[in-house]
Amino acid sequence: MGYGRYVTARVLWAAIVAYIIATVSFLIMAFSPDPAVQQAVTQAALQGGDPGEAIERTRELRGLNEPLWVRYRDFIVSVATLDWGWSSMRSQPVVDALLESLYYTAQYSIPWTILTVIIGPIVGLYSSANKYSWRDHLATGFAFFGYAIPNFFFAIILLLIFGIWLEWVPIIYKVDAPVFSVQNVIQLALPVFVLVTGSIGGLMRVSRNESSEYMNADFVKTARAKGVSPLRAYALHILRPTMVPLSTTMVGQLLLLFAGSSILVEVVFSIPGLGRTLFRSAVEQDTNLVLGSVLVFVFVGVIGNLLQDLVYTLLDPRISYEDR
């Protein structure tokens, strides 16, 4: 199997996984109590109406009286066509609400991801090159500090120090700040710092352990004997093979932080991103927005794992596609 067929197979498998997860999400929502029906019953009871009639009317308006396979067909079509319904909390279509939230999430997620991908492997390589020295202990201590401390607690402490005591950063996120402005950089500095410190710990440790195996390898000694500079030897002969197993840890850890810690960070810093939207929609019982937010996180995870597989094959030329 050539590389093109391998990529096609991985893309098809990613589509199948997304389809299965969307189906499971539909079944969970289909067999869960609908908040709109409960609200209709309560309102009818308070107004002296017939609760049974209110239930039937609400189910008919929301299409819940249709057979399950019809509702499932309509759901799959709506997912494929991005017709995800109406958000009662935001008073706008779900897709529009998610796109607006994604706009604010991307403002800190993109620099956080770039800094993590750069700093984590480099710090691990630097620590491996200075193994068991004070530099190694300092880098390891910093990595474990960010890895061990809870993100939301660290965010609250930093916001208390720099937002309330020193008044260097705003406490409430200002949505009207231009994206490429000093004001926006200042208010996003703490969220990015919290996520970077929480994500480089695992990457640094894997990078340190993997690169230690290549520090005294024969091909590295040969490169140095031929006059290759230390920087070139570290970058091409040590860091590149280190990135092969590191890519798996990197993608998985970043996706985990994006799906979990980013929600807490957005709530603490009042960033109206995807995480905060999911949190508020769950509190307000906005079913359509909850389902749409979950699907976004699912699709991000599926695409991230797909990119991980493709990058893995590009980094390691020894991988053969004949048995795949």
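The values are calculated or read from the model by the stated rules, or taken from the named source; none is laboratory data. In this text the structure is predicted, and so the values were computed from the model without any measurement. Using ideal geometry, Cβ is built from the backbone for each residue, glycine included, and neighbour counts are taken over all protein chains shown.
Candidates 125, 138, 158: the one that is at pLDDT 90 or above and within 30 Å of residue 208 (Cα to Cα) is 158. When restricted to residues that are under 20 Å from the mean Cα position of the chain (by Cα) and within 22 Å of residue 177 (Cβ to Cβ), segment 104-162 contains 13.
With the condition kept exactly as written, say whether any residue in segment 119-127 is in the same structural domain as residue 192 (by TED's automatic domain parsing) and surrounded by fewer than 17 Cβ atoms within 10 Å (Cβ to Cβ). Scanning segment 119-127, I find no residue that is in the same structural domain as residue 192 (by TED's automatic domain parsing) and surrounded by fewer than 17 Cβ atoms within 10 Å (Cβ to Cβ), so the answer is no. Do we have any residue at all in segment 180-189 that's more than 16 Å from residue 267 (Cβ to Cβ), of a type in the set (Ser, Thr, Tyr) and without any contact (Cβ under 8 Å) to a residue 40 or more places away in the chain? Yes, segment 180-189 contains at least one residue that is more than 16 Å from residue 267 (Cβ to Cβ), of a type in the set (Ser, Thr, Tyr) and without any contact (Cβ under 8 Å) to a residue 40 or more places away in the chain. Being part of a helix (DSSP H, G or I) and either of a type outside the set (Ser, Thr, Tyr) or in the same structural domain as residue 254 (by TED's automatic domain parsing) (or both) is a property that holds for residue 161.
On the basis of being of a type outside the set (A, V, I, L, M, F, W, C), closer than 23 Å to residue 254 by Cα and without any contact (Cβ under 8 Å) to a residue 60 or more places away in the chain, does residue 141 make the cut? Explain how you work it out, then say what you get.
Numbers: of a type outside the set (A, V, I, L, M, F, W, C): yes; closer than 23 Å to residue 254 by Cα: yes; without any contact (Cβ under 8 Å) to a residue 60 or more places away in the chain: yes.
Yes: the conditions hold for residue 141.
Yes or no: segment 96-113 includes at least one residue that is in a loop (DSSP other than H, G, I, E, B) and at negative phi. First the steps, then the outcome.
Of all residues in segment 96-113, those in a loop (DSSP other than H, G, I, E, B) come to none.
Scanning segment 96-113 turns up no residue that is in a loop (DSSP other than H, G, I, E, B) and at negative phi.
Within the bounds of segment 142-151, is there any residue that is modelled with pLDDT of 85 or more and either in the same structural domain as residue 264 (by TED's automatic domain parsing) or among the β-branched types (Val, Ile, Thr) (or both)?
no
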